[in-house]
Structures are given as C-alpha cells and as structure tokens.
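Only one structure is covered here, and it is reproduced in the block below.
The values are calculated or read from the model by the stated rules, or taken from the named source; none is laboratory data. What you are looking at is a predicted structure, and each value in this text was computed from that prediction instead of being measured. Glycine gets a Cβ as well: all are built from the backbone with ideal geometry, and neighbour counts include every protein chain shown. Ligands, DNA and RNA are stripped out before the accessible areas are found, and what is left, the full protein with its side chains, is counted by its heavy atoms. Shrake-Rupley method; radii C 1.70, N 1.55, O 1.52, S 1.80 Å.
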Amino acid sequence: MRFLGINAIFHDPAAALVVDGEVVAAAEEERFSRRKHGKRPLPFSAWELPERAAAWCLERAGLRPEDLDAVAYSYDPDLVRPGGPGLDEGWEDLRTTYARRAPAFLASVLPGLDSERVRYVPHHVAHAASAGLAAPYRDSAVLVCDGRGEAVSHLAGHYRDGELTILAAQELPHSLGLMYEEVTQHLGFLRSSDEYKVMAMASYGEPRHLGALREVIRPDGEGGFRVEPVDWGGYAKALERGEPWTEEHADLAASVQRRLEEVLLDLARWLHGRTGDRCLTMAGGVALNCVANTRLLAEGPFEELWVQPAAGDAGTALGGALHLAQAFGEPAAPMPGADLGRGWSDEELAAWLDVARVPYERPADLAGAVAAELAADEIVAWFQGRGEYGPRALGHRSLLAHPGREANTERLNDVKGREQFRPVAPMVLAERAHEIFGRGPVPSPYMLFVHDVRPEWRERIPAVVHVDGTARIQTVDRADDPLLARMLREFELRTGLPVVVNTSLNTAGRPMVDDPRDALECFGSAPVDLLALGPYLIRRREVFAT
C-alpha cells in the first residue's frame, strides 16, 4: 500500500512516502523553494503546502496521486479548542479553516488525488509515530515535546507491536517549546528557527537563575508540567537582532537550558515508571536539543534513547504516513537512514557541470584526493548521494575542514556568515569514537547528542571542541557510507587525526544545499576551495583563474 505524509500547518512543510511498509522518500519543501524553514509559522501561511516535495516523493517511486491509498495530514482541526489558551489570538480560526480545507487544497496541487483519501492525524501522534514506528525497536516508550499542536504541547506514551497508548498529554498554554522560543526571541534570535543558538550560548554562561526558574517551570507529578509567564527582562535586557550579547544573556541561556533538562528528566522518569521500557524514542522540536538528550541518556532511567533525525515538524510528514500504514494493517519497517532526499547519477551530475561550463576532473581515488586537500587545510564542499531529511548535515551535503587548526572554527563561521560563538562538529569512524570522545552514545549517526572530548584530544582537534569541552559528533559506519569512511581513513593516514570537521553545506539564512545548482551557487559565492560533486572535483583556483 502507498501512503503519503504531509506537514504544512506550522513550519518546515515536508512530504514523505511509505510504500509497502518501507520509507521510500522524505524531503522538506525548503530544499526546493530555497526559503529557510519553508515558511514562517503564522496562521495565514497555513494554506502553503509542500507541493514540490510531495510531487518529488511520488516521482521517486514512479507513482501518480491517484495511486495513493491514503494521505496523512499531520494536524486535526477537530481537536482545536476555539478560543483556547496559548493560541494565536484573533487568528487561530484562520489556521483551523485552512486545515479543514486541506483535502481540497491537496487535490488541487496533486491532480488526480481523491480528496476523500486525505486523513487527519493528530500533530503529536504524527510526531510519536515518527519516533516509535521509525526507530529500530518494535516496543518503546515515546516522548514528544514541542511548541504546540492542536491543543497540547507534549505527549507521553508507549508503543506495543506498533500500537500507541497515550499516557499523558500537556494542555496549552503550558509549553516547554514555546518557553524556549520566547527566550530565543528575547536573546535577539528568530523564534521557531534559532533555538539551537540559545543552546550553544548556554555553554558560555552559568545557570544563576535556576532557582527562580524552578518556581515557574515545574513538573506536575502526573507526567506533565506547568510553565508560568516569565518576565525575561528581569534576568537580562532584551536584544535586537544582531546586537552583541553579554554575560547576563549567556547566564539566562544557561539557566533556561538547565531547567529544560531537569524537567525532561522528570518527564522521562515518570514515563519509565509507567511503562518499564528499556528504550525511549523521542520527537518534537525539543528533541533536537542534543545537550538535553545526552543528559537524558546519562541520568535518566532508560537504557537506550533513539531520536528522530527530523524531530521537528518536518518529521510529522513521515510520522503521519507511518501511522496510516500501521492503521491500515501494514506494519512499517524502521527508517533506513536520514538520506531520504534527492540524488543524481554520475551522468546527470556531469551534465550539470557541462552546462555550467566549469572545469572539473574525475580522480581515480576521490576519497584520497579530498583527504589530501583537507590535510592541506583547504575547505571542501562535499555533495554525495541523496540529501538528508532533517536539519543536520550527515556527510551528504556538508562543508568539511581540518579539525587540528583552531582557526577553522572562526573560518567556517565566516564562510557561512554566522555567529562566532557557534561550534562546528566532528565526524569520526564509529569504531574510533570511544578513543576520542567520552560520555555520549556510540554509534551516534544523526548528531543528536553531545560527547565529552577526552582531555588528551582537545589540543589535537581544537576546531571541533566547544567552550565546555564537548562536541556534537557524527559517527560514520563503513558499511553504511564506505566513501565517507574511506575519506576519513585517508585523512588520518596524512595527518594522524581520525576526525574531520563537518558542518552543513549552506550559508546563513539559507536552506542546506540540495541540488547541483545549489552546490555550484554556494561554491561560487563562498570562499570554499574544493567542491566534491559526486565523483567530480571542481577547484576554486581553476574556476576563477584569470
């Protein structure tokens, strides 16, 4: 059977396709439209659909809209409480109206689709399915935490043989995700977009306000929590976009981050007490907080923790499709990886380069050639295979650099046009990770945890060590990604370092590079030395030779 999932209601519109229980394709609309996050999370943008992402998913499988058995829309307007707390005052009815008309909208952008085949899947149920049904476990506890859905901001439950039992859900206006969004905006960043910057800033501060925040952000003892209104200005002056931050802002970020971790730990302990499961699966935007995830695994009651790599709203497209597959009696297989987006053959890539009229070469040993350039301290744009689903670059659409040059952190932040306090990440072969990194799970293929960098390695790979001595690592499995693994091995042979810097292939405010044109445009506009586009190498000094 064939199920298409659609996320459209808030932000990060996306589509995903599940065929005969297998995840075939998934992609965010931003990768096609080149608009970061696809759209802003406003009620009057709720009509915008991921039409290009959906059309591509069908094309990938050779299907037409009329071939679909059902379409999941990851929001149920019948669950919205008119005039309920925590909603967009004066505008929520517009969002609900658009959601009710979604079947007709979808039929108009996917000609041939029967609107009667569109099914509403509650937002947090779709999040839960993206974790519990996509994970490599048949049974698990599941925890969802984000800004908001129809009327709640959190779900706790468990899966047994693919069936979800909901044990707790937190009603709005209480929301950990909205709380974190508020402080993001207060610190001069874009809410529903830049929350990871607050997490990075937190490492520069001390949680001086933790006691006060414990009074207004607290678990309720029944699997939920309370978040009272907070006067953020009482802790730190509000910042305008781009205004420099100070110690008081870092201390506020540290306090909020620490309190988030504490409440999540309490929720996990409550959930474990009700389920006794050894495995916890997570989704929702809060699950992208890799610092909190690491603490949950280290101090929480669960032996294993699996986080959906597209844990934000984009992941509800996949979760909705998986939920329908299960509901129609077709158990879904675990997702095969995050590389679920577009890809091109060698011949297609060569055609792009020929049209662009840029000089290129096809080395006999691509991995060795790239490793040699990295060893010479060149920055490499790495474009290989299918694009990633979710916000992390995982060795398919990446910028790579030498980790032993401390200046490369600043250099890469300059290339990308982003704040200098933000760290860059290391990729490492899975079998070498324990040698270099301490606390944190291995394997860690999706960059969703932080690991302590062992003291003896901190001076050897300074570019990837954050101010608190941690790194958000990506482990590489030889069987899953032999080319990337070979490049890492070749780099170590030349430098003695089994680690390479990996950050997303994009510049500030733009989505991750997705197709060959995006890659060439980024290469042409940013000071990148080498582009590895499939098996081909394009050198900056040759392209811009005078």
Checklist outcome for this item: Residue-ordered couplings for the stretch 531-539, obtained by feeding phi - 60° into the Karplus form 6.51 cos²θ - 1.76 cosθ + 1.60 and rounding to whole Hz (Gly and Pro as x), are 10, 9, 9, x, x, 9, 10, 10, 9
Checklist entry - Could you give the accessible area per residue of the stretch 411-500, probe 1.4 Å, as a whole number in Å²? => result 40 Å²
Item to check | Hull-based mean projected area of the stretch 59-218, where the convex hull spans the alpha carbons, in square nanometres | outcome: 12.9 nm²
Checklist entry - Given a cut-off of under 8 Å on Cα pairs at least six residues apart, what relative contact order in percent is computed for the stretch 319-439? => result 20 percent
Checklist outcome for this item: The percentage of the accessible area of the stretch 66-137 (probe 1.4 Å, all protein chains present) made up of carbon and sulfur atoms, to the nearest whole number, is 49 percent
Checklist outcome for this item: The distance between the Cα centres of the stretch 133-176 and the stretch 373-431, in whole Å, is 33 Å
Checklist entry - Which value, in Å², gives the accessible area per residue of the stretch 136-187 when a 1.4 Å probe is used on the protein heavy atoms? => result 30 Å²
Item to check | Charge tally in the Cβ shell below 11 Å around residue 535, where Lys, Arg are +1 and Asp, Glu are -1, residue 535 excluded | outcome: -3
Checklist entry - If only Cα atoms are counted, what is the Rg of the stretch 11-83, and what is its Dmax, in Å? => result 13.8, 44
Next on the checklist: Principal axis extents for the stretch 167-231, Cα atoms only, whole Å, descending order, please.
Outcome noted: 34, 26, 21
Checklist outcome for this item: For the stretch 331-391, the per residue accessible area (1.4 Å probe, Å²) is 42 Å²
Next on the checklist: From the convex hull of the Cα coordinates of the stretch 149-260, what is the mean projected area in square nanometres?
Outcome noted: 8.0 nm²
Checklist entry - Out of the DSSP beta bridges found with both residues in the chain, what percent are antiparallel (nearest 5)? => result 70 percent
Checklist outcome for this item: Counting only residues 5 or more apart in sequence or on a different chain, those whose built amide H sits under 5 Å from that of residue 281 are 141, 142, 143, 306
Item to check | Carbon/sulfur fraction of accessible area - the stretch 222-262, other protein chains in place, 1.4 Å, % | outcome: 45 percent
Checklist entry - When Lys and Arg each count +1 and Asp and Glu each count -1, what net charge do the other residues less than 15 Å away from residue 111, Cβ to Cβ, add up to? => result -2
Next on the checklist: Using a 1.4 Å probe on the protein heavy atoms, what percent of the accessible area of the stretch 1-56 belongs to carbon and sulfur?
Outcome noted: 53 percent
Checklist outcome for this item: Shape call for the stretch 323-412, from the Cα gyration tensor axes a ≥ b ≥ c (a/c under 1.5 means rounded, otherwise prolate when a/b beats b/c, else oblate), comes out oblate
Checklist entry - Over its Cα atoms, what ratio of radius of gyration to 2.2 N^0.38 Å does the stretch 201-289 give? => result 1.26
Next on the checklist: Could you work out the relative contact order of the chain? I mean the mean sequence separation of Cα pairs under 8 Å and 6+ apart, divided by the number of residues, in percent.
Outcome noted: 15 percent
Checklist entry - Quick one: Kirkwood hydrodynamic radius for the stretch 263-325, alpha-carbon pairs, angstrom, one decimal? => result 12.3 Å
Item to check | Positive-pole candidate from 306, 509, 109, dipole of the chain, charges at beta carbon | outcome: 509
Item to check | Ranked packing of 446-454, 230-238, 303-311, most packed first, by mean Cβ within 10 Å | outcome: 303-311, 446-454, 230-238
Item to check | Net +/- balance of residues flanking residue 225 in space, Cβ distance below 12 Å, scoring K and R +1, D and E -1 | outcome: -2
Item to check | Using distinct alpha-carbon pairs, which all enter the 1/r mean, Kirkwood radius of the chain in Å | outcome: 23.7 Å
